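Worksheet: the structure to be examined is printed underneath.
Just so you know, all these numbers are worked out from the coordinates, no wet-lab data involved. Given the structure is predicted, the values throughout are model-derived calculations rather than measurements. For neighbour counting, all protein chains shown are included, and Cβ atoms are generated from backbone atoms with ideal geometry for every residue, glycine included.
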Amino acid sequence: MLFVTILALAAWVYLVFFRHGFWRSDQVLPAAKNPEVWPSVAVVIPARNEAETVRQVVEAHRSSDYPGKLDVLVCNDSSEDETTAEAEAAQGNHASEVLTVPPLSDGWTGKLWALNAGTEALANREAPPDYILFTDADILAGPGLLKKLVAVAERDKLALTSIMAQLDASGFWGGALVPAFIYFFQKLYPFPAINNPQSGVAGAAGGVVLIKREALEAIGGVASLRGALIDDCTLAERVKRNAPGTKIGLYLSSQFAEAVSLRNNESYGAMETMVARSAYAQLNNNPLLLLGTLIGLALVYLVPVAAFLGGPFHNSGPTFWAGFAALALMIVSYGPTLKRYGKSRREAFLLPFAAVVYGWFTWLSGWRAMRGKGNSWKGRSYGA
């Protein structure tokens, strides 16, 4: 028991002190001086059965205070509800259009197919936009978000600039699992490393991705991502590695640059769908990586708890104190993310529980993928 507890403690020492300070949760979009000339931007929104939220989202973009040329393009991907009517009813000062996406082609995921249709339509325009904002039909953008994104992108010469939207953390399941989701994402893709052009780490949050059109074209457009199931991080990786010194930025949503998800996460089912649909793809559909992930989760999040609470049973002082130290590092490192979501520091003790649930989601994702019923987007399944 002592050996595995020391391994767990060593893992936490690495995560807290040598993993780019991911846990500080301090990477927010900085303020930047307005550029002399505002570049043109097109907002591309893939939409499949999004009638519930698409009008509100499109109206937010059409009402943006962006001072340059701005067009909103909704790519309706075979919706079976009133998505088109709701999108067309949206009001605002900036122009908008609803594009009917052709039937899904083999080898494509639905979202990328819709994005590809949108970017191809933009490329055929007489004056293609300087930037493209890829965003989801359930992400509500603050009125100043685009202006602030472009200002930073222009000042810092960013090829890609992304915002991790604020997710709904209401109810028991949302409260217990959403902050943990953000924490785990930052651990996998440390924002400080992503934002460092000297680092090879790349990542993005697909809900809000501003990309220079030239940078997208340089990697072969959306078509180069065909079949990618973790499309946002794949896009960021290819953009950052396309040329030496290419800069990208990934930031957390804040009151300064606000992007809020309208997806309700109160239920267990909502959280399972969000994670299990693509967790196995994150592991390259590799059963050995799945097994290693589950063992790693147990080692890092459960062993410290067992060593600490099991003190009266294993009767080992070194094991108890190693478990206590690992648990302390876990709780302290989770604090900034909890604070960002308005949660009490006491809720840090729920992190091991969240790790167990996410381990279950990951196993479910692998099991379903192995049965050909895994990764999905809006009712479509893409198998393993």
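The residues packed around LEU158, meaning those with a beta-carbon under 12 Å from its beta-carbon, carry a net charge of +3 if Lys and Arg are +1 and Asp and Glu are -1. Look at where the Cα atoms of region 320-351 and of region 16-34 average out, and the two centres are 19 Å apart. Converting phi to 3J(HN,Hα) with the Karplus coefficients 6.51, -1.76 and 1.60 and the offset θ = phi - 60°, region 13-23 yields 4, 4, 4, 6, 9, 10, 10, 6, x, 3, 6 Hz in sequence order, with x at every glycine or proline.
Each residue of region 279-289 was assigned a 3J(HN,Hα) from its phi angle through the Karplus expression (A = 6.51, B = -1.76, C = 1.60, θ = phi - 60°), giving 4, 5, 5, 4, 9, 6, 6, 10, x, 5, 5 Hz with x at Gly and Pro. Which net charge results when you count Lys and Arg as +1 and Asp and Glu as -1 among the other residues whose beta-carbon is under 13 Å from that of GLN186? After counting each charged neighbour, the total is +3.
Across region 35-42, coupling constants 3J(HN,Hα) worked out from phi with the 6.51/-1.76/1.60 Karplus curve, θ = phi - 60°, read x, 5, 10, 7, x, 7, 9, 10 Hz, and Gly and Pro carry x.
Given the options PRO102, PRO244, PRO179, which has the most mean-square fluctuation in a GNM of the chain, springs set between C-alpha atoms less than 10 angstrom apart? Among PRO102, PRO244, PRO179, the largest mean-square fluctuation in the Gaussian network model of the chain belongs to PRO244. Summarising the amide proton neighbourhood of SER253: residues at separation of 5 or more, or on other chains, whose placed amide H is nearer than 5 Å comprise MET164, GLN166. Loop-located GluC sites (Glu not before Pro) in region 86-156 (DSSP state other than H, G, I, E, B) with a sparse environment of at most 11 neighbouring Cβ atoms within 10 Å: GLU126.
Using only side-chain charges placed at the Cβ, +1 for Lys and Arg and -1 for Asp and Glu, the dipole size of the chain relative to its Cα centre rounds to 1380 debye.
Under 5 Å between amide hydrogens, built in the peptide plane, is the criterion, and for VAL72 it picks out VAL43, ALA95, SER96, GLU97 among residues at least 5 positions away or on other chains. Please give me, ordered by residue number, the trypsin sites (Lys or Arg not before Pro) of region 101-176 that lie in loop per DSSP and have at most 12 other Cβ atoms within 10 Å. The qualifying sites are ARG125, LYS157.
Summing Lys and Arg as +1 and Asp and Glu as -1 over all other residues whose Cβ lies under 13 Å from the Cβ of ALA169 gives a net charge of +1.
Think of region 236-354 as having a plus end and a minus end, set by charges on the Cβ of Lys, Arg, Asp and Glu; of PRO318, THR246, SER344, THR246 sits farthest toward the positive end of this dipole.
For region 18-129, the share of alpha carbon pairs falling in successive 5 Å distance bins from zero is 2, 11, 18, 17, 16, 12, 11, 8, 4, 1, 0 percent.
Between GLY175, GLY227, GLY245, the residue with the greatest mean-square fluctuation in the GNM of the chain (Cα pairs under 10 Å linked by springs) is GLY245. In region 1-115, a dipole from Cβ-located charges (positive for Lys and Arg, negative for Asp and Glu) runs towards its positive end, and of SER40, PHE18, ASN76 it is PHE18 whose Cα lies farthest in that direction.
Computed over all pairs of different Cα atoms, the Kirkwood value for the hydrodynamic radius of the chain is 21.8 Å. Under a Gaussian network description of the chain, with springs only between Cα atoms under 10 Å, the residue in VAL54, VAL28, VAL332 that fluctuates furthest is VAL332.
In a simple Cβ point-charge model (Lys, Arg +1; Asp, Glu -1; nothing else charged), region 144-274 has a dipole of about 480 debye relative to its Cα centre.
Note on region 190-265: Cα-Cα pairs beyond 19 Å make up 38% of the total pair count. Using alpha carbon centroids, what distance separates region 180-245 and region 115-137, in Å? Each part reduced to its Cα centre gives a spacing of 18 Å. Annotation note: GluC sites (Glu not before Pro) in region 205-291 located in DSSP loop regions with a Cβ neighbour count of at most 13 within 10 Å are absent. Legend: distances between Cα atoms for LYS33/LYS240; LYS69/LYS212; LYS147/LYS212; LYS33/LYS187; LYS148/LYS187; LYS148/LYS240; pairs beyond 19 Å are LYS33/LYS240; LYS33/LYS187; LYS148/LYS187; LYS148/LYS240.
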